[in-house]
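Values quoted throughout were computed directly from the atomic coordinates according to the rules given, and no laboratory measurement underlies them. Remember, it's a predicted structure, so these values are computed and weren't measured experimentally. No Cβ is skipped: glycine too gets one built from the backbone with ideal geometry, and neighbour counts run over all protein chains shown.
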Amino acid sequence: MNVYTYLGFRNKELVILEDEFKQVSTNLTITTDDGTYGESGYAINYLENDIEKLNIDGIFACGPLPMLKKVKELAEKSNIYTQISLEEKMGCGIGVCLGCAVKYKTETEDTFVRVCKEGPVFNAKDVEI
Ligand code: FES
């Protein structure tokens, strides 16, 4: 199994876990928004380029919501199984306040799930973000 990892950071000073990800990745792409380390720009753009070149079986992503939206969009366009770990503002963190609820699609209905209770990891195709 090949593991391609894409890590994005704002700048060189914020880069973490590089050695740890190198140990578990076939290929590691590090990007910085300002180009001070690794590749310049957003990690998602490098994933997008590689989707066209690699035979990807699955994508597993965490990070800011705009990036996860782009991952979901790419996955759906390419029909790649994808899990995303959502970050939501949480009022209680124990499933009571519904402050972290996101729209969730089942085969029979649209409903809501709590990121703090049913998540935070979801099949990207099931949640509306
Ligand atoms: S944070 Fe309150 S239900 Fe999730």
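Numbers below:
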read-out	value
GNM result for the chain, Cα springs below 10 Å: residue of GLY119, GLY41, GLY91 fluctuating most strongly	GLY91
Violating pairs (Cα-Cα greater than 24 angstrom) within the set LYS22/LYS105; LYS12/LYS125; LYS72/LYS105; LYS22/LYS69; LYS12/LYS53	LYS22/LYS105; LYS12/LYS125; LYS22/LYS69; LYS12/LYS53
Shape of segment 27-95, Cα gyration tensor, a/c cut at 1.5	oblate
Cβ charges +1 (Lys, Arg) and -1 (Asp, Glu), total dipole of the chain, debye	240 debye
Net length gained if the chain between SER78 and LYS105 were fully extended (0.36 nm per residue, minus Cα distance)	7.8 nm
Mean Cα-pair separation over length for the chain, i.e. relative contact order, pairs under 8 Å, 6 or more apart, %	17 percent
Stretch gain in nm, segment ASN27-ASP57, where the contour uses 0.36 nm per residue and the Cα spacing is subtracted	9.3 nm
Neighbourhood charge, 15 Å Cβ-Cβ cut-off, centred on LEU74 and excluding it, Lys, Arg +1 and Asp, Glu -1	0
Cα-projected label distance for LEU14 with VAL96, points at 7 Å along beta-carbon direction, nm	3.4 nm
Karplus 3J(HN,Hα) series, Hz, for segment 82-89 with 6.51 cos²θ - 1.76 cosθ + 1.60 (x for Gly, Pro)	9, 10, 10, 9, 7, 10, 10, 5
Candidates CYS92, CYS116, CYS100: whichever shows maximal mean-square fluctuation once the chain is modelled as a Gaussian network with Cα springs under 10 Å	CYS92
